[in-house]
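To start, the structure itself, in structure tokens.
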Amino acid sequence: MIHKPLITVITAVLNDDKNIETTIRSVLEQRYDNIQYVIIDGGSTDNTKKIIESFKDKIDIFVSEKDKG
């Protein structure tokens, strides 16, 4: 068996409920099978968090907290 290297994909987002679902689906549809998916949300106040949470079983790490930009 050939071991494939782990690839980590990180999406940083803030208040982008218009595009975040498309972004998530794009990552999840990749054919490479050793991907770790991390989403860092800067404390969105629109529906971004709700959309991300609807994919929680497919996202490895999700952090949502206000940052300093």
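Brief remarks follow.
- Among the residues of the stretch 25-38, none qualifies, meaning not one is over 20 Å from L6 (Cα atoms) and under 10 Å from the mean Cα position of the chain (by Cα).
- Tallying residues that are over 30 Å from I2 (Cβ atoms) and either in contact with a Leu (Cβ under 7 Å, 6 or more places away or on another chain) or among the β-branched types (V, I, T) (or both) within the stretch 44-60 yields 5.
- Every residue from the stretch 1-31 that is more than 23 Å from D67 (Cα to Cα), free of Cβ contacts under 8 Å to residues at least 24 places away in the same chain and either open to solvent by less than 80 Å² (accessible area, probe 1.4 Å) or not hydrophobic (A, V, I, L, M, F, W, C) (or both): H3, T22, R25, S26, V27, E29, Q30, R31
- In the stretch 32-69, of all residues being at pLDDT below 95 and of a type in the set (K, R), the one that is least open to solvent (accessible area, probe 1.4 Å) corresponds to K66.
- Yes/no for T45 being assigned to a loop (DSSP other than H, G, I, E, B) and in contact (Cβ under 8 Å) with a residue 12 or more places away in the chain: yes
The values are calculated or read from the model by the stated rules, or taken from the named source; none is laboratory data. None of the values given here were measured: they were computed from a predicted structure. Every residue, glycine among them, receives a Cβ derived from its backbone with ideal geometry; neighbour counts consider all protein chains shown. We work out accessible area using only protein heavy atoms, side chains counted, and drop any ligands, DNA or RNA first. Shrake-Rupley method; radii C 1.70, N 1.55, O 1.52, S 1.80 Å.
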